[in-house]
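The values are calculated or read from the model by the stated rules, or taken from the named source; none is laboratory data. Keep in mind it's a predicted model, so treat the numbers as computed, not measured. Cβ placement follows ideal geometry from the backbone for every residue including glycine, while neighbour counts extend to all protein chains displayed. Areas reflect the complete protein model, heavy atoms only, side chains present, ligands, DNA and RNA absent. Shrake-Rupley method; radii C 1.70, N 1.55, O 1.52, S 1.80 Å.
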Amino acid sequence: MTDTTSTDRDTARVHAALDALLAAHDPATTDRVAFRGARYDAGLAWVHFPEGFGGLGLRPELNRVVESRLRKAGAAPGDPTTFFMALAGPTIVTHGTDEQKRRFLRPMFTGEERWCQLFSEPGAGSDFAGLACKAVLDGEEWTVNGQKVWNTLAHLGDWGMLVTRTDPEAPKHKGMTYFAVDMHSPGVEVRPLRQITGEAEFNEVYLTDARIPDANRIGAVGEGWRVALTTLMNERTAIGGSGGTTSVPRGGPAAELVKIWNGLDPTERTPVRRDHLMRFWIKGEISRLTNTRASQNMKAGNPGPEGSVSKLVAAELNKALYEFAVELQGMSGQVGFDYTFRRAEELSVDGSGRGVGYAFLRVRANSIEGGTSEIMRNILGEQMLGLPGEPRIDKDQPWSKVPR
Ligand SMILES: Cc1cc2nc3c(=O)[nH]c(=O)nc-3n(C[C@H](O)[C@H](O)[C@H](O)COP(=O)(O)OP(=O)(O)OC[C@H]3O[C@@H](n4cnc5c(N)ncnc54)[C@H](O)[C@@H]3O)c2cc1C
């Protein structure tokens, strides 16, 4: 049963903290980093985080109240290159030591330190638990050797969320360990990988005798899978939030579709096309509400398997929506696209704000990144519908004995 009194008290507390923050710092005139630092100190970075670590220990849905009031007061939207904060923040607050929380959370939130995700490998994507990047303890430090791949914005990253194999003799899920790796340390090399959009938004990352202090291990040795699940669940909700969005200020996919529609010659606005447009709009709204519900259901601040529903819906919807957008534009939708090679300096997972040609190509990746649509369907089938699991013959074997 909901305790409305405490709910109202919590909301009032958030508003009081916002009043104090806005009275002391005008977001429209305060430097972005300084404002975000003050916001963190006021417990309004992630309200569901503990007090002293950017939060107030309140329900996660109150983050929306904070975001909406600050935007109305003129605060800048989050910097897209800090996307991985949505993954690394909850992971560190859930599994990190107090010292790690103190070290990492504030500069992550202000954007002074950007993060990237070093999970996938050439031989471990969907089967991420099969990864081979090796870490060996040597005194107070770990020596890491291996290759990671598809690492979005790793070229801008200061810190990487790195998962390694520390016990090859344990079954695959049990011999992994999670670290924060300094992307500027010797032995960490980032190389660009060009995408269908022309730009290199992601990279391959080579780790050659890279050294990581044991103090930067997140969670216990051998607990890397459990820690990584927190990252992955939050990633799915972060990507899921893009599904067809109808009203984000810079114009989400459905909003862009309506803009194209309004620019069409009236003879091109046929009833059949209007019907398609409305269906996309409605699905965008359903996706948004599903994602809202997923974040409201978060227990202890981390989303459950329902995050996979919004991720799956968002991916498939964004792809279909931009296909329709290109069709609406006719021949003009297929020309004038800049395919020159360039290093990405920002991130737009749903492609919005960068033109339909770019978005059409970018959202192709939505059903791969953060877990493929097939894997999302497996998770839904097994964890939400209770269907029989896939056969997993290597689950209990030592990782070193599994053929690869
Ligand atoms: C744009 C983009 C950005 C990315 N950013 C990052 C990043 O920042 N950090 C990072 O670590 N990784 C990143 N990735 C990698 C991403 O997580 C992987 O590509 C994804 O998990 C799939 O792995 P894979 O590419 O090895 O494909 P595979 O796992 O080899 O899959 C190939 C095909 O087989 C299917 N398949 C595999 N297993 C099953 C199964 N059990 N049941 C049904 N079908 C199955 C898949 O659905 C897919 O269609 C990114 C990928 C993209 C495209």
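Assorted remarks:
- Only Cα sites of the range 269-404 enter the Debye sum here, all with the same form factor; the resulting log10 I(q)/I(0) across q = 0.11, 0.12, 0.14, 0.18 1/Å is -0.58, -0.67, -0.84, -1.11, listed in q order.
- Accessible surface ranking for Lys148, Lys134, 1.4 angstrom probe, highest first: Lys134, Lys148.
- Relative contact order for the range 259-404, counting Cα pairs under 8 Å that sit 6 or more residues apart, in percent: 23 percent
- Remark: relative contact order (the range 82-239) = 26 percent; criterion is Cα-Cα distance under 8 angstrom and separation of 6 or more residues.
- With coordinates expressed along the principal axes, the C-alpha atoms belonging to the range 93-165 extend over 35, 31, 22 Å, beginning with the largest.
- Peptide packing: for 338-345, 38-45, the average count of neighbouring Cβ atoms within 10 Å per residue gives the ranking 38-45, 338-345, highest mean first.
- Global geometry of the range 90-225, whether rounded, prolate or oblate, following the gyration tensor of its Cα atoms and the 1.5 cut on a/c: oblate
- With a Cα cut-off of under 23 Å and a minimum spacing of 8 residues unless on different chains, the lysine pairs in the range 278-404 number 4.
- Amide hydrogen proximity for Gly355: with H placed 1.01 Å from N in the peptide plane, no residue at 5 or more positions away or on another chain lies under 5 Å.
- Accessible surface ranking that places the most exposed of Asp167, Asp8, Asp214 first, with a 1.4 angstrom probe: Asp8, Asp167, Asp214
- For the range 31-40, Karplus couplings with θ = phi - 60° (6.51, -1.76, 1.60), whole Hz, Gly/Pro x: 3, 4, 5, 4, 5, 5, x, 5, 5, 4
- Cβ-Cβ distance of Arg293 and Asn145, R₀ of 45 Å, FRET efficiency by 1/(1 + (r/R0)^6): the value works out to about 0.55.
- Contour excess over end-to-end distance, with Cα ends at Arg191 and Asp31 and 0.36 nm allotted per residue: 54.3 nm
- Dipole-positive endmost among Pro171, Asn366, Pro122 within the chain (Cβ charges, Cα centre): Asn366
- The label point for Arg13 and the one for Met278, both projected 7 Å from the Cα toward the Cβ, are 4.6 nm apart.
- Gly252 long-range amide H proximity, modeled H, under 5 Å: Ser247
- The modelled label-to-label distance between Thr97 and Glu51, using points 7 Å beyond Cα along the C-beta direction, is 2.5 nm.
- Helix-only mean residue ellipticity at 222 nm for the chain, each DSSP H run of n ≥ 4 adding -39500 (n - 2.57), per residue, nearest 500: -12500 deg cm²/dmol
- Average 1/r across all pairs of distinct alpha carbons in the chain, invert it, and you get the Kirkwood radius: 22.5 Å.
- Extension gain, Arg404-Arg354: 0.36 nm per intervening residue step, less the Cα-Cα distance, totals 14.0 nm.
- Label point distance in nm, Asp138-Gln334, each placed 7 Å from Cα along Cα→Cβ: 5.6 nm
- Relative contact order %, the range 106-198, counting alpha carbon pairs below 8 Å whose residues are six or more apart: 27 percent
- Across the range 144-157, coupling constants 3J(HN,Hα) worked out from phi with the 6.51/-1.76/1.60 Karplus curve, θ = phi - 60°, read 10, 9, x, 10, 10, 8, 6, 8, 4, 6, 4, 5, 9, x Hz, and Gly and Pro carry x.
- Extension gain, Leu264 to Phe341, is 24.6 nm, computed as 0.36 nm per intervening residue step minus the present C-alpha separation.
- Base-10 log of normalised Debye intensity for the range 169-246 (one unit scatterer per alpha-carbon) at q = 0.19, 0.23, 0.26 Å⁻¹: -1.08, -1.14, -1.14
- Reduced Cα scattering model of the range 327-374, Debye log10 I(q)/I(0), q = 0.15, 0.17 Å⁻¹: -0.48, -0.60
- Summing charges over all other residues whose Cβ lies under 14 Å from the Cβ of Asp127, with Lys and Arg as +1 and Asp and Glu as -1, gives +1.
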